[in-house]
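Note sheet for the following structure.
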Amino acid sequence: MSDPIWAIAIHGGAGPAHKEDYSEEIAHMRGVLKEAKRQLAKGGAALDVAQTAVRALEESGHHIAGRGASPNKDGKWELDAAIMDGDTRNAGAVGALRGFRSPIDCARTILDVSPHVFLVGKGASRFLKKRGLERVHNPSRYYKPSVQAAVESGELQHGTVGAVVLDSEGRLAAATSTGGLLNKQPGRIGDTPMIGAGTWADERVAVSCTGQGEYFIRCAASADLSARIRYNKSDLTNAAACVLEDISYLGGQGGLIAIDRLGRVTMPFNTISMKRGFATWRDELDVKVF
């Protein structure tokens, strides 16, 4: 009897290289993948593993998401996240969220207990305050921005973390979390929490995007990847490359990670770097930045 097929890919954002040495980020991402391997090997569910992996990336402070997020122009932290179950296409998302430690846990709570998919701002906060999620009461003390200032040469500097997972039961899931653009306009929401733009999972593929969100929204990037597989009978790698080509055609930058139902992984990007890694049932595990 063959071993069950499972796989996971994670990312810590695509964009310019903010420093030369990423050894701490690589080591932490390897640890996240090792824990995910352990969970998946013993039958863990894709949705749970994706949430756990993204929560760990948020907590690390190594990325422009979670604890490593930067404030907006008003000096306030507004974070976005989404999670999607490919088996049911149930999803939960939060936008411009203030005062909660784990945006991905907030998104999962909306998936589990809300009749809605996407809650933002004060309405999201009021809903979530009743659910016992960990709060951030002193943002300036809790958050430790992983990048202090945007690089001089680039527009729309950004950061995101994400995970896509195939479990041993053949279920797919995607989860994405972000602090958004550096020095962003208050109230700005990017592609991350928009189902079909920055996050998507169905019976064919799971996708998590990272980059200049406005372009990914305009391309409906993650849903388009699945559509290319469904309607064009495209393979995963070609479908992802075509989506990223569409982003590039509009002048956008970024990358994505995707897994299909056969456990195949692709992680293309058109930026200088993308923190990314994957692990599979074949005992593969790798993390790269450039």
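Quick notes on this one:
- Subtracting the Cα-Cα distance of Asp74 and Ile272 from their residue separation scaled by 0.36 nm leaves 68.4 nm.
- Convex hull per residue volume in Å³, alpha carbons only, for region 145-269: 101
- One chain, two ends: Glu245 and Arg141. Fully extended at 0.36 nm per residue, the span grows by 33.4 nm beyond their Cα-Cα distance.
- Region 1-109: proportion of alpha-carbon pairs further apart than 16 angstrom, %: 64
- Relative contact order %, the chain, counting alpha carbon pairs below 8 Å whose residues are six or more apart: 26
- Euclidean distance between Cα centres, region 81-102 to region 109-139, Å: 10
- The label-point distance for Thr88 and Ser114, in a model that sets each label 7 Å from Cα toward Cβ, rounds to 1.6 nm.
- Net dipole in debye of the chain [+1 Lys, Arg Cβ; -1 Asp, Glu Cβ; about Cα centre; nearest 20]: 880
- When the C-alpha to C-alpha distance is required to be over 26 Å, the pairs from Lys42/Lys233; Lys37/Lys233; Lys184/Lys288; Lys76/Lys129; Lys19/Lys144; Lys144/Lys184 that qualify are Lys42/Lys233; Lys37/Lys233; Lys184/Lys288.
- Theoretical FRET efficiency, 1/(1+(r/R0)^6), r = Cβ-Cβ of Asp48 and Arg131, R0 22 Å, to 0.05: 0.80
- Here Cα extents along the principal axes in Å was computed from the coordinates, and among (i) 76, 43, 30; (ii) 56, 43, 36; (iii) 69, 38, 38 the match is (ii).
Every read-out reported here was derived from the displayed coordinates using simple, explicitly stated rules and does not represent laboratory data. Computed from a predicted model, the values in this text were never measured in an experiment. Positions of Cβ are backbone-derived with ideal geometry, glycine not excepted, and every protein chain shown enters the neighbour counts.
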